[in-house]
Amino acid sequence: MHPLTDSDRRLLAAAQEAIRKNYDASSHLHTVGAAVRCKSGKIYTGVNVYSLHGACAEQVAIGAAITNGEREFEAIVAVRGEHGQEILPPCGNCRQMLCDYMPDCAVILDLCAEQKKLPARELLPFAYGV
């Protein structure tokens, strides 16, 4: 595990801004924001899209990056709450997606009240196809 850098803190702030702009307190359709930083230095954000088979915020952010031609990723973070006050670990489906698309990407986590990051591949030790 590694401590956060200033670039990581900017990434976290981008995820928090994404959910601040889109938080849906009445129907809870958008409660999670995510941001992914690519090796190009660009940051792409997303919010969850809730429905029967909705998409997680991480998936939306990764999709935005890929749509814009990005293929190499450095770090990703997801936050929950009206102001993005809680850092969320990726769900199981997102962990598999991270292993498929970016196994070496750093995932920012809140571990024992300390913000740290570790490679995505370490979050899913028995991933399919890895």
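The values are calculated or read from the model by the stated rules, or taken from the named source; none is laboratory data. These numbers were taken from a predicted model, which means no experiment stands behind them. All Cβ positions, even for glycine, are placed from backbone atoms using ideal geometry, and neighbour counts span all protein chains on display. In case anyone asks, the SASA skips ligands and DNA or RNA and just uses the protein heavy atoms, side chains included. Shrake-Rupley method; radii C 1.70, N 1.55, O 1.52, S 1.80 Å.
Points worth noting:
- Selection count where residues are open to solvent by 20 Å² or more (accessible area, probe 1.4 Å) and in a helix (DSSP H, G or I), scope segment 56-74: 6
- Residue selected from segment 30-55 under the condition within 9 Å of the chain's Cα centre (by Cα) and either over 18 Å from PRO90 (Cα atoms) or free of Cβ contacts under 8 Å to residues at least 40 places away in the same chain (or both), by the criterion most open to solvent (accessible area, probe 1.4 Å): THR45
- Filter result for the condition that a residue is touching a Gly at 6+ places or on another chain (Cβ under 9 Å) and open to solvent by 70 Å² or more (accessible area, probe 1.4 Å), over ARG9, ARG20: ARG20
- Checked against the criterion of being within 18 Å of HIS2 (Cβ to Cβ), surrounded by 14 or more Cβ atoms within 10 Å (Cβ to Cβ) and modelled with pLDDT of 90 or more, the candidates LEU123, LEU88 yield just one match: LEU123.
- Some residue of segment 103-117 being of a type in the set (S, T, N, Q) and open to solvent by less than 30 Å² (accessible area, probe 1.4 Å): no
- Within segment 1-49, the set of residues being part of a helix (DSSP H, G or I) and over 18 Å from HIS83 (Cα atoms) comprises ASP6, SER7.
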